[in-house]
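Enquirer: This is the structure I have questions about; it appears just below.
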There are 2 protein chains.
Amino acid sequence: MVRKSATGRIGIADVAVKAGVSHATVSRVMNGNYTVDPDIAARVRAAAAELKYQPNPVGRSLALGKTDTIGIVVPDLANPTFQAILRGLSRAAAQDGYRVLIADSFEVSSEEAILAGEARRRCDGLVLCAPRMTDAELEEIAPSLHPLVLINRITAAAGIPSLVVDYGQGVQDIAEHLVELGHTRLAFLAGPPRSASNGLRLQGLESFKAAHPHVEVTMLEGGSDFDTGHEAVDAVLECGATGILAFNDLVAMGLMSGLHERGIDVPGDISVTGFDDIPFAKYTTPALTTAAVPITELGEQAWQQLRALIRKEASDAPGSRYQPRLEVRSSSGPARAARTAVHG
Amino acid sequence: MVRKSATGRIGIADVAVKAGVSHATVSRVMNGNYTVDPDIAARVRAAAAELKYQPNPVGRSLALGKTDTIGIVVPDLANPTFQAILRGLSRAAAQDGYRVLIADSFEVSSEEAILAGEARRRCDGLVLCAPRMTDAELEEIAPSLHPLVLINRITAAAGIPSLVVDYGQGVQDIAEHLVELGHTRLAFLAGPPRSASNGLRLQGLESFKAAHPHVEVTMLEGGSDFDTGHEAVDAVLECGATGILAFNDLVAMGLMSGLHERGIDVPGDISVTGFDDIPFAKYTTPALTTAAVPITELGEQAWQQLRALIRKEASDAPGSRYQPRLEVRSSSGPARAARTAVHG
DNA sequence: GCTAATCGAGAAAACGCTTTCTCGCCGGTG
DNA sequence: CACCGGCGAGAAAGCGTTTTCTCGATTAGC
C-alpha cells in the first residue's frame, strides 16, 4: 500500500494520498509555505513522518534549477595542497548547505576541460584547479563554466574571480632568508615544467637574481613529489649550492631524506627549504623552513566567492592575492665556508 | 534564437528544432540508438555540435533514475586515512564513469546519520566511514542506505558489505615485534574512546596480553592526531615503558617530535611505532615502524563492492578483511636495560 | 441578504530528459 | 492489386518535484 510506483521509493504522492490532500499541498507544507491551513499542515506532517518521506533531490533540482552542489576539479587528490583546498572548500560550503563533488583529473591536462564541463553541469558552480592547462584553453572554456572561481590561475575572461598565492614573492622571501644566512650559491629544484605556480616561482627568482647579481642561482629539473626530491640528491650535490629552494615541501622532504642517507647534514652542510607549509612540515627532522600558504583558508575563500556568484551578489572583490609567510625552522642555517662540488 | 526558454541553457528542444526533428529523435541519437536513419542522425549530430549541446544531467537522472554519482561519508577530511580512501574510491569510480560526492561529518557523530541519508538520496550508492556511530544506530539506518558499503564497521543488517582492516592483528604484530626486540614494558597510546577501530586494537592487545603474561602493557589516553601524540610525552615518560604503540602514525609522529624536544633518543631510549603507514611515515626521522594498511586499495575495493551492488550483481564476496603488514623501520630498536621511570 | 474580496487548496504546467506507444509509409508477398 | 509486416520517427507519458493558475468556499461589507 505504501510502496510507490516505479522507483519503489516513497514519493510526495504517497504522502498526499495518506494525508488526503493533493501533492501540491504536501509540497507547500514541506517548503514551509504558510498559506496552508494549520490542521491540514499538521496532517501532512504526520503523514510524512509516518512514511519517513524525504523529498527526492533530483526532482527538486529539476524543478528548482539548482542542485545545492558545487564541483571542484583538482589535478591530483594525492597532493596535500589540493587536499587542503578541498577541505576548506567542503567545510565552508557545508555551512551553507552545499555539498561538493570532486573531479580528479589525475594530472592529464587534456581531460581537464571536459571534466570541468561535466562537473559544472551537475553543479551550481565550480572551483577549478588546473595548473597545467594552457591560458588559451582556460580562457576559452571559462565563460561556459560560470559561476566559476579559479585557484592559482588568472584569465582574461570577464567576471571570473581568481584566488592566487603570490609564489613569486614567497620564493624571493626564502631566497633572501638564505642570503641573510650567508649563502651565495643557491639552487632551485623546480616543479613540473608546465605548472603555472612553477612559472610564478621562476619569475620571482628572476627578480631576485636581478636584485642580487652576486648570488649564483642554479636551476635544477624536478617535479612535485617526494620521489622527485629524493632522486634529485645527486644533481643537488653536484651543483655545489649550499642553499636549496625546493619546489614544495614534499620535494624538500624527499631531498632531506636523500641527503640524510648520504650522511649530509641539514642544515650544517646544506640548507633546505620547502614551500606550502603542509601539516607535516613542522614535524620533519630538522623541521622544515618553508613559506606558509594559508591554503585551507584559500578553500574557504573560494566558497565565499563562489557563493556570491551563485547568489548573483556583486562580488566585492573580484579575487584575492595571498602572501606566503616565511616560516623559519631548523632546516636552514648559516652557510659554511664555500664548499667544493661533490662528485658522483 | 538559439537561447532557450527558462534556464537560458541549450536544451534538447533547441537541437530538435535546428535539426528539424522531434526531441525524441535527438534523444535517440545522443544515446546511440541505431533505429535512426543515418542521414537524420548525422543532421542531429551536426546540429548538436553546432549548438554545443550537452544533455542536462539532472533531467537525465530523473528520467533514468540514476545519478552516476556515489557518496562517501567521512568523519574528518583532514585525516590522511580518509583522504587515501577517498582517493582510491574516486579513482576507481571515475574509471567506470562515476563521480563522488563528499560528506564530511567533522567528527560530530550525531550528524552522521542525517548526513548519510542526505548524501545517499543524491547518489546511486554510499560508502560510509562512521567510526563513532553506535552499532544500534548503524544497524537502524543501514537498510535505508542500500546500496551501501561499510568501511571498518560491520553490521547485522543484511546485504551490506564491509571492508575491515584487522587492527587487532596488526597491533599484535607490532607488540610481538617489540617483544622480540627485548621490550617488556609496553604502552598503548589509545585513540578516540568511541572509535571502533580503537576497540579492535584494544581487543588485539587483550589477546596479546593473554599470550604474554610477563609483558606489562600500560594503557594511556590519547586521540588521533599530532597534537595528541605531542601532548602525551609526559604520560609516556612517566609510565616507564620502552616500547610505545601509538594509535596511528600521526600520533606516533607527534610523540616522536615531543620526545625529540625532550632529548629522548628514538629508538635508543624508547621505541615508537605507528599504524597505517601513511605516505609520510617513511620520511620521518627516524623512519617510522608501523603496520601498513593498503588503504588506497581499500577505497578501490569499496567501489568494486558498491558497483556490484548498484548493478545488482551477486556480490561474490560480502566483504573483505585486510591484514596489515608490519613495516619495520628505524623508530623501533632493541630495548635497553630496564629504565626507571622519569618524573616531571 | 447579496455581492465582492480573500483565502486556501486542487489542477495543471513546467523543469529536461528517456522511452513506450502509436502511426504512417515502405516494400514484399500471395 | 491488395494486404500484411516491419521499420523509422513523432506524440505522449513518465520521472518527482515546485509553482502558477484557477476556482470554490468562506467572510466581510454595504
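The values are calculated or read from the model by the stated rules, or taken from the named source; none is laboratory data. Just so it is clear, the model here is predicted, and its values are computed rather than measured. When we count neighbours, we look across all protein chains shown, and the Cβ atoms used for this are built from the backbone with ideal geometry, even at glycine. In case anyone asks, the SASA skips ligands and DNA or RNA and just uses the protein heavy atoms, side chains included. Shrake-Rupley method; radii C 1.70, N 1.55, O 1.52, S 1.80 Å.
Enquirer: Would you compute, for the Cα atoms of segment B:109-150, the largest minus smallest coordinate along each principal axis and list the three values in descending order, in whole Å?
Expert: Per principal axis, max minus min of the Cα coordinates gives 25, 16, 15 Å.
Enquirer: Something else about it: Exactly which GluC sites (Glu not before Pro) in segment B:122-225 are in a DSSP loop and have at most 16 other Cβ atoms within 10 Å?
Expert: Answer in residue order: B:GLU221.
Enquirer: Just the Cα atoms of segment B:51-109: what Rg and Dmax do they give in Å?
Expert: Values for segment B:51-109 (Cα only, Rg and Dmax): 14.6, 48 Å.
Enquirer: For the protein assembly as shown, report the convex hull volume of the alpha-carbon atoms normalised per residue, in Å³, without decimals.
Expert: Taking only Cα atoms, the protein assembly as shown has a hull volume of 203 Å³ per residue.
Enquirer: Taking the label point 7 Å from Cα in the Cβ direction, how far apart in nm is B:GLU111 from each other copy of itself, listed shortest first?
Expert: Nearest first, the other copies' label points are 3.1 nm away.
Enquirer: List every residue whose amide H lies under 5 Å from the amide H of B:LEU326, counting only residues 5 or more places away in sequence or on a different chain, with H placed 1.01 Å from N in the peptide plane.
Expert: Amide H neighbours of B:LEU326: B:ALA292.
Enquirer: DSSP loop (so not H, G, I, E, B), at most 15 other Cβ within 10 Å: list which GluC sites (Glu not before Pro) in segment A:249-320 pass both filters.
Expert: A:GLU313
Enquirer: Averaged over every viewing direction, what's the projected area of the C-alpha convex hull for segment B:232-344? Give it in nm², one decimal, please.
Expert: Across all orientations, segment B:232-344 yields a mean hull projection of 8.3 nm².
Enquirer: Between copies, how far apart are the B:VAL36 label points? List them in nm, one decimal, shortest first, with each point 7 Å from Cα toward Cβ, please?
Expert: Relative to the other copies, B:VAL36 has label-point distances of 4.1 nm.
Enquirer: Taking the Cα centre of the protein assembly as shown as origin and charging only Cβ (+1 Lys, Arg; -1 Asp, Glu), how large is the dipole, in debye to the nearest 20?
Expert: 2840 debye
Enquirer: In debye to the nearest 20, how big a dipole does chain B give about its Cα centre with +1 on each Lys and Arg Cβ and -1 on each Asp and Glu Cβ?
Expert: I would put it at about 1820 debye.
Enquirer: Select from A:SER22, A:ALA93, A:PRO55 the residue farthest towards the positive end of the dipole of segment A:4-145; place +1 on Cβ of Lys and Arg, -1 on Cβ of Asp and Glu, and compute about the Cα centre.
Expert: It is A:SER22, whose Cα lies furthest towards the positive end.
Enquirer: Scan around A:GLY182 for amide H atoms under 5 Å from its own, H built in the peptide plane at 1.01 Å from N, and keep only partners 5 or more places away or cross-chain.
Expert: The list, which skips near neighbours in sequence, is A:ALA335.
Enquirer: Relative to the compact-globule scaling 2.2 N^0.38 Å, provide the ratio for the alpha-carbon radius of gyration of segment A:1-130.
Expert: 1.42
Enquirer: Now for a different question. Quick one: Kirkwood hydrodynamic radius for segment A:12-55, alpha-carbon pairs, angstrom, one decimal?
Expert: Final number for the Kirkwood radius of segment A:12-55 is 9.8 Å.
Enquirer: Moving on to the next point. At 222 nm, what helix-only mean residue ellipticity would chain A give, in deg cm²/dmol to the nearest 500, using -39500 (n - 2.57) for each DSSP H run of four or more?
Expert: Helix contribution divided over all residues of chain A: -13500 deg cm²/dmol.
Enquirer: Can you list which of the trypsin sites (Lys or Arg not before Pro) found in segment B:242-340 are DSSP loop residues with at most 15 other C-beta atoms within 10 Å?
Expert: Within segment B:242-340, the qualifying trypsin sites (Lys or Arg not before Pro) (loop, at most 15 other Cβ atoms within 10 Å) are B:ARG311, B:LYS312, B:ARG336, B:ARG339.
Enquirer: Here's something else I'd like to know. Heavy atoms only, probe 1.4 angstrom, no DNA, RNA or ligands counted: give me B:ILE72, A:ILE141 ranked by accessible area, highest first.
Expert: Putting B:ILE72, A:ILE141 in descending order of accessible area: A:ILE141, B:ILE72.
Enquirer: Tell me, what is the per residue accessible area of segment B:167-289 in Å², probe radius 1.4 Å?
Expert: Ligands and nucleic acids excluded, the figure is 35 Å² per residue.
Enquirer: Let me ask something additional. Above 24 Å lies some portion of the pair distances; for segment B:167-289, what is it as a whole percent of all C-alpha pairs?
Expert: I get 16 percent for the Cα pairs in segment B:167-289 exceeding 24 Å.
Enquirer: Which single residue of chain B puts its beta carbon nearest to the axis of rotation relating B to A, and what distance, in whole Å, does that give?
Expert: Measuring from each Cβ to the axis, the minimum is at B:THR285, 2.
Enquirer: Run the label-point distances for A:THR134 please: 7 Å along Cα to Cβ, every other copy, nanometres, shortest first.
Expert: Computed spacing set for this position: 6.1 nm.
Enquirer: Let me ask something else. If you take every DSSP beta bridge whose two residues both sit in chain B, what share of them, in percent to the nearest 5, is antiparallel?
Expert: Antiparallel bridges make up about 10 percent of those DSSP assigns within chain B.
Enquirer: Taking amide H positions as placed 1.01 Å from N in the peptide plane, with prolines and chain starts having none, which residues 5 or more places from B:ARG99, or on another chain, fall under 5 Å of its amide H?
Expert: Here B:THR69, B:ILE70 satisfy the definition.
Enquirer: Average the reciprocal distances over every distinct pair of alpha-carbons in chain A, invert the result, and give the Kirkwood radius in Å.
Expert: Value: 22.9 Å, from the Cα pair sum.
Enquirer: To the nearest 20 debye, what is the magnitude of the charge dipole of segment B:167-289 about its Cα centre, counting +1 on the Cβ of each Lys and Arg and -1 on the Cβ of each Asp and Glu?
Expert: Dipole magnitude for segment B:167-289 comes out near 220 debye.
Enquirer: So for segment B:103-191, taking the charge dipole from beta-carbon charges (+1 Lys/Arg, -1 Asp/Glu), which of B:SER110, B:GLY191, B:LEU181 sits furthest toward the positive end?
Expert: Projecting each Cα onto the dipole axis, the largest value belongs to B:SER110.
Enquirer: DSSP beta bridges in the protein assembly as shown, what fraction antiparallel, as a percent rounded to 5?
Expert: 10 percent
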